[in-house]
């Protein structure tokens, strides 16, 4: 199927051609037609499959054709005065909000559609001005949006279309109460699109209460990473993980890598160790300012940084075209997080590799992942790095190593990793006006004020539209 066959508005087709896109992906082919007619949609598709364009294209089409009663039918998305927001897209993190807004600008480059990205970590002033002027589309994180909705200039009473992007991650981060508050300010009569890489019970329950007779689109079995991702496991002693990563980087087969750690402290430490090892590395997590996060991501996309170390919460919106490698330095606590991590590579039907470093202490987490994805991952044993330097699956010698292993009495050593990164942090809820969030140890902390908008996000493979690139 071609984009012409989808019968999108001519302005959108011009934008698609200008971007060099050729064919819609399967999720776009399945979700765009019913969404164009105003149907609710519940879509489950792998990360990197083109979900963003799958909801942006039909909503932009409706704005331009006047299907929602507010366009003029001639391709002009007419505003209805100050604050007349007609499309609301909710995302879990700042980076994802910025990425979705940038993708929308690319697709609607020839269309008179006004949009604003609303997220924390930056000053509220420019966002307030955009809302006062009136925008057709708002892409927002829940926490910062509620900050604006508490003031008289912001209103959602004209919203016709709601999108929950990465819905499973929003619930995992504890945003359900905020989402319910936002839903209470929306018109009951609206179109709702819910997109998620996994459909756990909580998402199914939320969909049952939010959606009306939805079209269900499931492009892959729930919990399945993209087919183009080559996944493997490296058994390794906890204190040898950094050495293993340096060894793999030194072989020359890994031009760049997105590396995931469980905690912010471990991300800082790993980035520092890699830099000492001669690797250009940066990190991105909730304790970094928005400017630092934007600079690190931009440097990674431009190739100035070879390794970007990230936490799970900060990773949403990290989209790098043709990213070759994802490394799970730490096995994630949640099996669903593994699917999202791995989905950073192999995007838009390209290929990529995902390596997972597994210590003895993480075997149970690995088993949970394999249960979710319904397959056993192949083990790659490198001499000198595997457990006990010889054995896989045996118990340790009971000696702590000061790098996060447990000692013979089951007690974590003094230099072990900190608690997992707190929920409802990052750009999703760290407001520039001193919003409360949780730090890596679960304690309350105050988000620092950051001024200045992020640099424009480069168009990437998140749109997922085929364009003849390397597969």
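Which of the residues that make up the range 113-133 are closer than 16 Å to residue 155 by Cα and out of contact with any helix residue (DSSP H, G or I) (no Cβ under 9 Å at 6 or more places or on another chain)?
The answer is 129, 130, 132, 133.
Among the candidates 126, 112, single out the residue that is modelled with pLDDT of 95 or more and surrounded by fewer than 24 Cβ atoms within 10 Å (Cβ to Cβ).
126
Using the structure shown, decide if residue 284 is within 15 Å of the chain's Cα centre (by Cα), crowded, with 18+ Cβ neighbours inside 10 Å and at pLDDT 90 or above. Quick ask: steps written out before the conclusion?
Working: within 15 Å of the chain's Cα centre (by Cα): yes; crowded, with 18+ Cβ neighbours inside 10 Å: yes; at pLDDT 90 or above: yes.
Answer is yes for this residue.
Residue 269 is checked against (1) under 17 Å from the mean Cα position of the chain (by Cα); (2) at pLDDT 95 or above; (3) over 23 Å from residue 380 (Cβ atoms) and fails just one. What number does that condition carry?
(1)
Considering only the range 1-94, give the helices (runs of 4 or more DSSP H) lying wholly within it that have at least 3 residues that are within 22 Å of residue 179 (Cβ to Cβ) and at pLDDT 90 or above.
In the range 1-94, the matching helices (runs of 4 or more DSSP H) lie at 51-65.
Take the range 22-50 and flag every residue that is out of contact with any helix residue (DSSP H, G or I) (no Cβ under 6 Å at 6 or more places or on another chain) and buried (at least 23 other Cβ atoms within 10 Å of the Cβ).
24, 25, 44, 46
Across the range 137-151, what is the total count of residues that are in a loop (DSSP other than H, G, I, E, B) and surrounded by 24 or more Cβ atoms within 10 Å (Cβ to Cβ)? It would help to see each step written out before you state the result.
First, the residues of the range 137-151 that are in a loop (DSSP other than H, G, I, E, B): 141, 150-151.
Going one step further and asking which of them are surrounded by 24 or more Cβ atoms within 10 Å (Cβ to Cβ), we end up with 141.
Residues flagged as in a loop (DSSP other than H, G, I, E, B) and surrounded by 24 or more Cβ atoms within 10 Å (Cβ to Cβ) within the range 137-151 amount to 1.
Name the residue, out of 374, 344, 394, that is touching a helix residue (DSSP H, G or I) at 6+ places or on another chain (Cβ under 8 Å), over 30 Å from residue 302 (Cβ atoms) and at pLDDT below 95.
Every option except 394 fails the conditions.
Going by the structure shown, is residue 383 buried (at least 18 other Cβ atoms within 10 Å of the Cβ) and modelled with pLDDT under 95?
no
The values are calculated or read from the model by the stated rules, or taken from the named source; none is laboratory data. Please read these numbers as outputs of a predicted model, since none were measured by experiment. For neighbour counting, all protein chains shown are included, and Cβ atoms are generated from backbone atoms with ideal geometry for every residue, glycine included.
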